[in-house]
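Engineer: One structure, pasted below without further comment.
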Number of protein chains: 2
Amino acid sequence: MTQRGRRTARISGDDRQDAILSAAERLLTARSLDDISIEEFAHGAGISRSNFYFYFRSKDEMLLALLDRVIAEVNHRVASLPRDFGRDPAEAWRQSIGVFVEVFSEHRAVSTAAITARVRSPEVLALWTEAMQTWVDYSTEIITAERARGAAPDGIASADLAVTLNLMNERVLSATFGSEKLAVNQDAVLDVLATIWVRTIYGVVPT
Amino acid sequence: MTQRGRRTARISGDDRQDAILSAAERLLTARSLDDISIEEFAHGAGISRSNFYFYFRSKDEMLLALLDRVIAEVNHRVASLPRDFGRDPAEAWRQSIGVFVEVFSEHRAVSTAAITARVRSPEVLALWTEAMQTWVDYSTEIITAERARGAAPDGIASADLAVTLNLMNERVLSATFGSEKLAVNQDAVLDVLATIWVRTIYGVVPT
DNA sequence: TCACTCTATAGACACCGTGTCGAGTAGATC
DNA sequence: GATCTACTCGACACGGTGTCTATAGAGTGA
């Protein structure tokens, strides 16, 4: 987690920065990043609009700070997952995907804001892509290992599979927790995603 | 395709409107909708900025006109597809998905612009969602039929499957043809998507 | 106690893109 | 030739962003 914002690391004033971030995450649950002006974020934290720029260079940089924390949490939870795919592969995949479902659900405001903002902001795109790359690499590695031990059939390159399935998760979670009209029910989404992953990776089509 | 723009349907002036749309689609291949000001679209069609408003109420409404045409093309091509899933299901799905791959590829500028704009514009969202709904219904129907004739196993509700797989296609095609860093190669994307659809719908996991 | 320094704050300003309004032009039709 | 109407543009107002400058106030050392 790099140092976002322009302040040097000091004791006082951190609470103000945190206040801005808290206010921001709260405001983002109701409306989108574009709909909320910097003035609103500032007033939400009890400061003037121009003073906002003392803490963050722009709205996007504020979002980066929020996103940093969410990504760190996912990575922390993924890292502490048991990597035992030998005993019950379906359950192991389900647990991995479950981490994303949970964190996305808890921080849906930040996640959806990031997905929206990445098309406009190269920095947000870079941070998001870097995180996705980590998860894609993780998935690729496991798929390859599963094939090597004969548990999964060959076919599509594991890297392509990993990219596609991760993009699917991103889009579906975004739709579901963003309350889009075309989405899967929150209670069912983990089942659906896990099933598709498992059938895609291990499934064979009877002829 | 409803009447976009504010002009009443008349003979002359349609070419101007078309000129704007052509210029727009050309400009959109290089930069995003947000990056291009109305002034640029107008000058691209040889008119002044304020005159743009004579033809379209806003940038988004211009996009709607572009999107109308793309969606109509997809639907037309999907409708003229043979619906024979009995003989070779994998090939039939591949052809259906192929329509989306081709049209998305040909009109990638409009498609990606629409995907970006829908988060901001309720009208774009409505049009896009309506189109997606059509394709989801189409997919759901076929999956249900395939299960009914015993060709596909039960499990996840076919509607959930259809939504998820269609969202996957949307995201992956957007990534691939938008030249995102994390994407599938253009030559491989149809193979990958078709494989996932088929394995998900027909595949069984050996125990 | 008195400067001095550095963080923190806000008001004022300039800029850019959007959308509206009203005045004006050109070509067809009577 | 009058007029009607589609069409065109310049000028304006608005809202959001980002910068610059002045200054308040807390901590620090002589």
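Engineer: So, in the range A:17-39, exactly how many residues are part of a helix (DSSP H, G or I), within 14 Å of DNA strand D (Cβ to nearest atom) and crowded, with 16+ Cβ neighbours inside 10 Å?
Structural biologist: Within the range A:17-39, residues that are part of a helix (DSSP H, G or I), within 14 Å of DNA strand D (Cβ to nearest atom) and crowded, with 16+ Cβ neighbours inside 10 Å number 4.
Per-residue answers, yes or no, for (1) under 29 Å from B:Lys181 (Cβ atoms); (2) in the same structural domain as A:Val189 (by TED's automatic domain parsing); (3) modelled with pLDDT of 95 or more:
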position	(1), (2), (3)
A:His43	no, no, no
A:Ile47	no, no, no
A:Ser50	no, no, no
A:Arg87	no, yes, no
A:Glu91	no, yes, yes
A:Gly98	yes, yes, yes
A:Ala126	yes, yes, yes
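Engineer: Provide a single number: the residues in the range A:72-88 that are surrounded by 13 or more Cβ atoms within 10 Å (Cβ to Cβ) and within 13 Å of A:Gly98 (Cβ to Cβ).
Structural biologist: The total comes to 4.
Engineer: Quick test of your reading of the structure: A:Leu67 fulfils all but one of (1) surrounded by 17 or more Cβ atoms within 10 Å (Cβ to Cβ); (2) modelled with pLDDT under 95. Name the failing condition by number.
Structural biologist: (2)
Engineer: Related question: What is the residue count in the range A:40-85 for residues that are in a loop (DSSP other than H, G, I, E, B), under 24 Å from A:Ile115 (Cβ atoms) and more than 16 Å from DNA strand C (Cβ to nearest atom)?
Structural biologist: Of the residues in the range A:40-85, 1 are in a loop (DSSP other than H, G, I, E, B), under 24 Å from A:Ile115 (Cβ atoms) and more than 16 Å from DNA strand C (Cβ to nearest atom).
Engineer: Given the options B:Ser80, B:Ser58, name the one that is out of contact with any Leu (no Cβ under 6 Å at 6 or more places or on another chain), within 16 Å of DNA strand D (Cβ to nearest atom), polar (S, T, N, Q) and on the phi < 0 side of the Ramachandran plot.
Structural biologist: So the residue among B:Ser80, B:Ser58 that is out of contact with any Leu (no Cβ under 6 Å at 6 or more places or on another chain), within 16 Å of DNA strand D (Cβ to nearest atom), polar (S, T, N, Q) and on the phi < 0 side of the Ramachandran plot is B:Ser58.
Per-residue answers, yes or no, for (1) within 21 Å of A:Met168 (Cβ to Cβ); (2) modelled with pLDDT of 95 or more:
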residue: A:Ile71; (1), (2): yes, yes
residue: A:Pro82; (1), (2): no, no
residue: A:Arg94; (1), (2): yes, yes
residue: A:Ser105; (1), (2): yes, yes
residue: A:Thr129; (1), (2): yes, yes
residue: A:Trp135; (1), (2): yes, yes
residue: A:Glu141; (1), (2): yes, yes
residue: A:Thr144; (1), (2): yes, yes
residue: A:Ala148; (1), (2): no, yes
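Engineer: Scan the range B:143-195 for residues that are of a type in the set (Ser, Thr, Tyr) and facing chain A (nearest Cβ under 10 Å) and jot them down.
Structural biologist: Once the filter is applied, which keeps residues that are of a type in the set (Ser, Thr, Tyr) and facing chain A (nearest Cβ under 10 Å), the range B:143-195 yields B:Thr164, B:Ser174, B:Thr176, B:Thr195.
Engineer: How many residues, within the range A:137-148, are closer than 19 Å to A:Arg199 by Cβ and not polar (S, T, N, Q)?
Structural biologist: The number of residues fulfilling the criteria is 5.
Engineer: Among helices (runs of 4 or more DSSP H) lying entirely in the range A:101-207, which contain 1 or more residues that are touching a Gly at 6+ places or on another chain (Cβ under 9 Å), of a type in the set (Ser, Thr, Tyr) and crowded, with 16+ Cβ neighbours inside 10 Å?
Structural biologist: Correct list: A:108-117, A:189-202.
Engineer: Under the condition of being within 12 Å of DNA strand C (Cβ to nearest atom) and of a type in the set (Gly, Ala, Ser), which residue from the range A:12-37 is modelled with the highest pLDDT?
Structural biologist: A:Ala19
The values are calculated or read from the model by the stated rules, or taken from the named source; none is laboratory data. As the structure is a prediction and not an experimental result, all values here were calculated from the model. FYI the Cβ positions are ideal-geometry reconstructions off the backbone, even for glycines, and counts take in every protein chain you see.
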